[in-house]
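S.K.: This structure is in structure tokens; I'll ask about it shortly.
Bear in mind these aren't lab numbers, they're just calculated from the coordinates by the rules spelled out. Keep in mind that what you see is a predicted model, and the values were worked out from it rather than measured. Glycine gets a Cβ as well: all are built from the backbone with ideal geometry, and neighbour counts include every protein chain shown.
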Amino acid sequence: MPSALITGITGQDGRFLAELLHSKGYKVYGLLKGQNNPKTALLRDEHPYVELVHGDLCDLPSLISAVETVRPDEVYNLGAISFVAMSFNQAELTANVTGLGVLRLLEAIRIVGGSQNNPIRFYQASSSEMFGKVRETPQTELTPFHPRSPYGCAKVFGHDITVNYRESYGLYACSGILFNHESERRGLEFVTRKVTNAAARIKLGLQEELVLGDLEPRRDWGYAGDYVKAMWLMLQQDQPDDYVVATGETYQVREFVRLAFEAAGIDDWQRYVRQDPKFLRPAEVDLLVGDATKAQTKLGWRREVSFPELVKKMVDNDLAIESVGR
């Protein structure tokens with residue numbers, strides 16, 4: 001039975017990935033920081049097959065201990081301070097967890113190693129936010145990075161150090177440059193889930209308006225359940241490499257809002273949406289759209305859920321949640 005260790009196990013990607021690996025016969029371990037994580041109960045109810053081990057991306061000895069204890073065949077580093085807006089207010093913490101955390105985990109894998117015939121394979125969750133102020137459209141694996149947030153900067157370091165450890169120590173280390181991917185499991189702090197939850201609550205008479213920042217930025221949105229399949233495929237190849245994972249389609253934030261309200265049965269979304277400058281970022285990323293040709297040709301990866309289907313999934317889930325107890 002192969003085994004895998006997942007950091008960020010309580011996030012949307014971690015939960016989808018745990019399900020995928022379990023369905024393929026893996027023994028799944030999840031790295032959890034601290035004793036009182038509020039999502040522990042949800043994880044145990046939803047994924048009782050996941051064995052939790054304690055560790056902290058800010059503490060190298062704990063990571064060495066976790067890797068030694070589990071002796072995984074594969075490590076998926078999905079843990080990060082991943083809320084871009086928050087990274088401006090907590091830049092040092094973001095750099096420490098999202099950036100240096102990758103270095104610490106790679107170092108733990110290098111120290112513990114694995115058998116000569118079966119070295120530990122490592123996946124790093126890189127991000128389209130690394131492209132930032134894009135140099136070309138669409139973005140590929142060779143597009144230069146120009147991050148526009150502390151989060152994006154930290155992700156660039158994590159990406160580059162993964163390449164460095166692959167080239168310096170011969171580690172099987174891959175990075176997936178994933179473009180925006182959402183799901184019904186997204187946290188409410190993310191704008192996409194904020195939108196779908198608000199649309200549901202407004203439809204049900206539980207909320208009167210939705211307050212947002214900039215509605216103009218364009219993003220390449222896919223479904224998280226599709227994207228974790230690409231993560232797994234990367235670690236099944238003969239040679240490690242980096243891959244862009246994206247849909248190749250781009251939509252404005254306002255288009256996401258419109259589709260969400262329509263999915264909730266509200267046609268005149270403009271009457272309910274108000275813009276507030278306090279939600280504007282110090283530096284915005286205006287356009288992201290990825291070219292996943294390499295992932296499609298080398299990995300055989302394809303997205304299955306379309307953009308309108310993604311938005312409807314999220315709204316339907318929020319309608320069901322908010323209807324409970326009414």
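S.K.: How big is the stretch 119-231 by the Kirkwood estimate over distinct Cα pairs, in Å?
M.R.: Final number for the Kirkwood radius of the stretch 119-231 is 16.3 Å.
S.K.: Another one. When only C-alpha pairs under 8 Å and at least 6 residues apart count, what is the relative contact order of the stretch 223-293, in percent?
M.R.: For the stretch 223-293, the relative contact order is 46 percent.
S.K.: Something else: Report relative contact order for the chain in percent, whole number only (criteria: Cα-Cα under 8 Å, sequence separation at least 6).
M.R.: The value is 17 percent.
S.K.: Tell me, what does the Kirkwood hydrodynamic radius of the stretch 81-151 come to in angstroms if you use every pair of distinct C-alpha atoms?
M.R.: Hydrodynamic radius (Kirkwood, Cα only) of the stretch 81-151 equals 14.1 Å.
S.K.: Toward the positive end of the charge dipole of the stretch 126-250, about the Cα centre and with charges on Cβ (Lys, Arg +1; Asp, Glu -1), which of PRO147, GLN237, CYS174 goes farthest?
M.R.: With unit charges placed on the Cβ atoms, the residue in question is PRO147.
S.K.: Compute, for the chain, the length of the dipole vector about the Cα centre, with Cβ point charges of +1 (Lys, Arg) and -1 (Asp, Glu) only. Units Debye, rounded to 20.
M.R.: So the magnitude is around 240 debye.
S.K.: Per q in 0.12, 0.14 Å⁻¹, report the Debye log10 I(q)/I(0) for the chain, using one uniform scatterer on each alpha carbon and no solvent.
M.R.: Taking Cα atoms of the chain as identical point scatterers yields -0.83, -1.13.
S.K.: With 10 angstrom as the radius, rank HIS47, HIS146, HIS159 by how many other C-beta atoms surround their C-beta, starting from the fewest.
M.R.: Ascending Cβ contact count within 10 Å gives the list HIS146, HIS47, HIS159.
S.K.: Tell me the angle of helix 307-323 to the major Cα principal axis of the chain, expressed in degrees between 0 and 90 and rounded to the nearest ten.
M.R.: So the helix axis and the longest Cα principal axis differ by about 80 degrees.
S.K.: Quick check for the chain: number of Lys pairs with alpha-carbon distance under 20 Å, counting only pairs 8 or more apart or on different chains?
M.R.: Eligible lysine pairs with Cα atoms under 20 Å apart amount to 13.
S.K.: Using Stokes-Einstein with the Kirkwood hydrodynamic radius over Cα pairs, what translational diffusion coefficient do you get for the stretch 12-88 at 37 °C and a viscosity of 0.692 mPa s, in µm²/s rounded to a whole number?
M.R.: 242
S.K.: In the chain, with Lys and Arg counted as +1 and Asp and Glu as -1 at Cβ, which of these residues, TYR76, TRP269, LEU60, has the Cα nearest the positive end of the dipole, that is, farthest along it?
M.R.: Checking the options against the dipole of the chain, the answer is LEU60.
S.K.: Return the tail of the calculated pair distribution for the stretch 231-319, meaning the percent of Cα-Cα pairs more than 19 Å apart.
M.R.: Value for the stretch 231-319: 59 percent of Cα pairs lie more than 19 Å apart.
S.K.: Let me ask something else. Would you work out the relative contact order for the stretch 86-230, in percent, from Cα pairs under 8 angstrom that are 6 or more residues apart?
M.R.: 24
S.K.: Hey, another quick one. Based on the alpha-carbon gyration tensor of the stretch 169-316, what equivalent-ellipsoid semi-axes (square roots of 5 times the eigenvalues) come out, in whole Å, largest first?
M.R.: They are 33, 16, 12 Å, listed from largest to smallest.
S.K.: Rg/Rh for the stretch 53-198: what does it come to with C-alpha atoms and Rh from Kirkwood?
M.R.: Value, to two decimals: 0.99.
S.K.: Also, quick follow-up: At most 12 other Cβ atoms within 10 Å plus a DSSP loop assignment makes a site exposed; report the longest stretch of the chain without any exposed GluC sites (Glu not before Pro).
M.R.: 1-135
S.K.: Which percent, nearest 5, of DSSP beta bridges in the chain are antiparallel?
M.R.: 10
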